[in-house]
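Read through the structure below, which is laid out as structure tokens, and then see the notes.
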Amino acid sequence: MSDSSLPPGSRIAIAGASGMIGSALARSLGSDGHEVVRLVRRAPRTKNEVQWDPEAQRIDAAGLVGCAAVVNLAGAGVASRRWTEAYKRTIRDSRVLGTATLAAAVASLDEPPRVFVNGSAIGFYGDTGERAVDESAPPGDGFLPSLCVEWEKATGAAQEAGIRTVFARTGLVVAGKGGAWGKLFPLFKAGVGGRMGDGRQYWSFVSLHDEVAAIRHVIDTETLSGPVNVTAPDPLTNREITDAMGRVLHRPTVFATPAPLLRLALGDMAGDILGSQRVLPTRLLESGFTFAFPSIEGALRAALG
């Protein structure tokens, strides 16, 4: 960590505080004595709730006064349902419009926050095959890369106001509930888990513990702005991760899911499950961040613990 850590009692706003990452971040900050302000869509029930409507681009900016940091993790679940054209619009609007709304709100404050951390994803890079990429790589092609480009660009008002802005490009978060592993664990525990497609595609994972620690690290590290990959330092293939799941859960992993079946069940989303993303957290490591669970087995055990 840098020497610029936020003092105890700092006020930090989180959009998406009810989600898997947001709720874990809120718990972590609260346990260290910080005041967590949650953005909610309903009428506020406490002094630490701020109402907003991201799709309508409305927010009570007065509720953000005094925040040292604002973290935006809001957005419709990418893996929540099949990617119809209508749901792809929902995924996009929930991120791009919400980000633009929040960026404009923090930019309008007389005393803006020190840092605006905006969620993003390693989907930015598209399918990288066996090629390892870091933050210097250009965007890929397809729905998720174009979404990530728009999502990050929507922070423009905050950047123009001189607020340090970070894009946390997150990988596949290993957690006991929620996210990709929330769907994988029950299958593997039942003994019907296995590789997807040929299993040679790279999956860039990160433990939920390290995801939260990385967000806190970028809040505290004044030299970090722009894209920061939040992934463990050693991405593995789907086959290697499948084998690790079998070892940790003591279950067979013989039920491979053929690529055509995935495409039939998931539609466009299957391309991103079968695609390969070998993404490295170069900027995190260079800034002194240490992963508590750099290996997949450690991340899996932490999630199950």
Discussion item. Looking at the stretch 217-246, I want the residues that are on the phi < 0 side of the Ramachandran plot and have a partner that is in a helix (DSSP H, G or I) and of a type in the set (Phe, Trp, Tyr) with Cβ atoms under 8 Å, at least 6 apart or on another chain. Which pairs are those?
Written reply: PRO227/PHE124; MET245/PHE188; GLY246/PHE188
Discussion item. Testing ALA61 on (1) open to solvent by 30 Å² or more (accessible area, probe 1.4 Å); (2) farther than 25 Å from GLY179 by Cβ, one condition comes back false. Which one is that?
Written reply: (1)
Worksheet item: Across the stretch 263-275, which residue is modelled with the highest pLDDT among those that are open to solvent by less than 40 Å² (accessible area, probe 1.4 Å) and small (Gly, Ala, Ser)?
Response: GLY275
Item to complete: Could you name every one of the strands (runs of 3 or more DSSP E) located completely within the stretch 171-262 that has at least 1 residues being at pLDDT below 95 and crowded, with 19+ Cβ neighbours inside 10 Å?
Response: 172-174
Discussion item. For the stretch 138-160, give me the residue count where each residue is surrounded by 15 or more Cβ atoms within 10 Å (Cβ to Cβ) and modelled with pLDDT under 95.
Written reply: 3
Discussion item. Here is a list: GLU85, GLU135. Which entry is at pLDDT below 95, surrounded by fewer than 20 Cβ atoms within 10 Å (Cβ to Cβ) and either in contact with a strand residue (DSSP E or B) (Cβ under 8 Å, 6 or more places away or on another chain) or within 22 Å of ARG263 (Cβ to Cβ) (or both)?
Written reply: GLU85
Worksheet entry | Residue that is least open to solvent (accessible area, probe 1.4 Å), among those in the stretch 88-126 that are among the basic types (Lys, Arg) and more than 19 Å from ASN229 (Cα to Cα) | LYS88
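The values are calculated or read from the model by the stated rules, or taken from the named source; none is laboratory data. Since this is a predicted model, take the numbers as computed values, not measurements. With ideal geometry, Cβ positions are generated from the backbone for all residues, glycine too; neighbour counts draw on all protein chains shown. Remember, those area values only see protein heavy atoms, side chains included, never the ligands or the DNA or RNA. Shrake-Rupley method; radii C 1.70, N 1.55, O 1.52, S 1.80 Å.
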